[in-house]
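All remarks here apply to the structure that follows.
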Amino acid sequence: MDRKVTLGITRDLFDADGKLDIPGPGLELLNEIPEIEYRMFDQFLPEVTAKQVQGCDMVISAAARWTKHSLAGNDQLIALLYTGVGYDHIDVKALTDAGTLFCFAPGAVRRPMACTIITFILALAMKLMAKDKITRQGRWAEQNDYRGEGLMGKTLGSIGVGNIGHELFVLAKPFGMRHLGCDPYIKQADVDDVGVQLVDMDTLLAESDFVSISVPLNEETCHLVGAQELHKMKSTAYLISTSRGPVVDEAALTEALQQGWIQGAGLDVFEQEPVDPNNPILGMDNVVVSPHSLCHTDEYYKLAWSGKLQQAAQILRGEIPEAVVNKEVLETSAFQTKFKRFQTP
């Protein structure tokens, strides 16, 4: 190209002082791509506006919502580079219609999200939150009331055994648990390396001591786990939800926890976020919660940021990154017209 490429970065990736809020070298890595100049969006808005995107060839984005209005009148934006994997807040069809690549970050979240699930499993099994509480309150003598549970011989089930679910079983292998998986898009051969037995969802719910959910939110998975599914679980089992809040019917889960249908839950996501302070789940001793951010470690941020810059560099070289969600856009004339600018010697 005969000019520098403009990389927009949404405001939620910066702190209040305008400093990139990511561990590591951050913006210094852009020095390795001299063809790029970056521009921080002037403010964080719930929905990205067409004015903010104007003049950008690519945009790195995190929590901001993208709709068709974000892309109105835009024939320049070739790629939206998203730092996560769950993209229910992004209108992928609108991006495709605009001839814009949508690249996400499966590699960045794989290990951090698997660690998040393992953290919940250990915290729940060892009664960590209850033991923390009685220790701080000087209730040392009550320690025998909160004995933990060993994992050896227990059954770990994952609804969804793709990127994150597979990594979960990699990390869980030393615990000596039985591994069950349920995923219509996965074949048995895909999970043989981590000792997973693929079963139907009813079997997984009935036989697992820990049920983890690692699926995207869409029409098929909204309220995938409701009262009927919770009733199928063991009364001694735990549910771990880390994908998106609406995948679980929260009203049904609240009743399940109150009535003892299941023993407890680990929740990083809620149907309403930020969660209502009056949500009854927050007052339950058999639940461990976090604010949709347990995987936000230095490892995640470094991998996400470096991965986005790598994708930008690939496009600059006239290459298509691997992690493209809307592969159908590659055949559109709108995208091909934009991409020719990066393929010109």
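The values are calculated or read from the model by the stated rules, or taken from the named source; none is laboratory data. Since the model is a prediction, treat every value here as computed from it, not as a measurement. All Cβ positions, glycine included, derive from the backbone under ideal geometry; neighbour counts span all protein chains shown.
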Practice prompt. Among the helices (runs of 4 or more DSSP H) lying completely within segment 83-187, list those that include at least 3 residues that are free of Cβ contacts under 8 Å to residues at least 24 places away in the same chain.
Written response: 128-136
Fill in: Selection count where residues are part of a helix (DSSP H, G or I) and in contact with a strand residue (DSSP E or B) (Cβ under 9 Å, 6 or more places away or on another chain), scope segment 191-201
3
Worksheet, complete the sentence: residue 59 meets each of (1) part of a loop (DSSP other than H, G, I, E, B); (2) touching a strand residue (DSSP E or B) at 6+ places or on another chain (Cβ under 9 Å) with one exception, condition (1)
Worksheet entry | When residues of segment 247-298 are limited to those that are part of a loop (DSSP other than H, G, I, E, B), among the acidic types (Asp, Glu) and modelled with pLDDT of 95 or more, the one nearest to residue 227 (Cα to Cα) | 249
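From the list 327, 308, pick out the single residue that is closer than 26 Å to residue 113 by Cα, loosely packed, with under 15 Cβ neighbours inside 10 Å and at pLDDT 95 or above. I'd like the intermediate steps shown before the answer.
On the way: 308 fails: loosely packed, with under 15 Cβ neighbours inside 10 Å.
After applying the criteria, what remains is 327.
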Item to complete: With the checklist (1) assigned by TED's automatic domain parsing to the domain that holds residue 117; (2) outside any helix (DSSP H, G or I); (3) of a type in the set (A, V, I, L, M) in hand, flag the one item residue 320 doesn't pass.
Response: (1)
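Any idea which residue in segment 326-345 is farthest from residue 102 (Cα to Cα), counting only those that are assigned to a loop (DSSP other than H, G, I, E, B) and in contact with a Ser or Thr (Cβ under 9 Å, 6 or more places away or on another chain)? Write out each step before concluding.
Taking segment 326-345 and keeping what is assigned to a loop (DSSP other than H, G, I, E, B), we get 326, 332, 344-345.
Those left that are additionally in contact with a Ser or Thr (Cβ under 9 Å, 6 or more places away or on another chain): 326, 332.
Details: 326: 6, 332: 14 Å.
So the residue we want is 332.
Between 236, 297, 254, which is hydroxyl-bearing (Ser, Thr, Tyr), within 17 Å of the chain's Cα centre (by Cα) and surrounded by fewer than 18 Cβ atoms within 10 Å (Cβ to Cβ)?
297
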Practice prompt. From 220, 229, grab the single residue that is surrounded by 15 or more Cβ atoms within 10 Å (Cβ to Cβ), within 28 Å of residue 255 (Cα to Cα) and among the charged types (D, E, K, R).
Written response: 229
Worksheet item: Identify, please: which residue in segment 36-52 is within 10 Å of residue 6 (Cα to Cα) and surrounded by 15 or more Cβ atoms within 10 Å (Cβ to Cβ) and is, among those, nearest to the chain's Cα centre (by Cα)?
Response: 38
